[in-house]
Amino acid sequence: MKILIVDDNPTNLKLASEVLACEGYVVESAEDAERAQEMLRHSVPDLILMDIALPGMDGLTLARLLKGDPAYQHVRIVALTAFAMKGDDQKAREAGCDAYITKPIDTRKLPVQVAEILQRSASPKAKGT
Ligand SMILES: [Mg+2]
């Protein structure tokens with residue numbers, strides 16, 4: 001299983017990458033949405049951990065673009081946000097995200113959360129016809 005992590009915070013990016021690589025996932029990382037788009041052209045991951053607050057294009061905008069594209073609709077997207085604000089999970093779902101994780105990342109929980117989301121079948125909306 002391949003996971004792409006998009007986060008402009010190098011510490012978070014490194015932490016999440018190491019935790020997931022330890023679990024046996026193939027992990028790729030991008031520091032912003034534009035770089036992520038570039039990488040997605042070459043390889044499609046099973047899941048994207050997507051920071052919402054990014055310089056340039058924000059994570060929810062990229063999530064919306066990907067969920068609207070038949071080539072990427074099936075990719076599970078997990079929104080990552082530092083804002084534990086009410087309504088953020090709603091915004092993430094509206095953008096098409098499959099799940100939502102609040103930062104700081106809990107290194108013990110993250111692998112469990114990711115495994116759970118990967119086991120779920122893609123949302124009916126993302127299945128296409
Ligand atoms: Mg950020």
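None of the figures in this text is laboratory data; all of them are computed from the coordinates on show. Note that this is a predicted model, so its numbers are computed, not measured. Heads up, the Cβs are rebuilt from the backbone with ideal geometry, glycines too, and the neighbour counts pull from every protein chain shown.
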Legend entry - Percent RCO, i.e. relative contact order, over the stretch 2-123, from Cα pairs under 8 Å lying at least 6 residues apart: 24
Inset, instruction - Note down the relative contact order for the stretch 26-70 as a percent, whole number, built from C-alpha pairs under 8 angstrom at least six residues apart. - result: 37
Inset, instruction - Rank these for me by crowding, Glu23, Glu18, Glu28, going from fewest to most other beta carbons within 10 Å. - result: Glu18, Glu23, Glu28
Legend entry - Extreme residue, positive dipole direction of the chain, given options Val75, Leu62, Val6 (C-beta unit charges): Val75
Legend entry - Sum of -39500 (n - 2.57) over DSSP H runs of 4+, divided by residues of the chain (222 nm, nearest 500): -11500 deg cm²/dmol
Inset, instruction - Starting with the fewest neighbours, write out Lys86, Lys91, Lys109 ranked by other beta-carbon atoms found within 10 Å of each beta-carbon. - result: Lys86, Lys109, Lys91
Legend entry - Within the stretch 1-94: Cβ-based charge dipole about Cα centre, in debye rounded to nearest 20 (Lys, Arg +1; Asp, Glu -1): 300
Inset, instruction - Take the Cα atoms of the chain, find their three principal axes, and give me the spread along each one in whole Å, biggest first. - result: 38, 32, 27
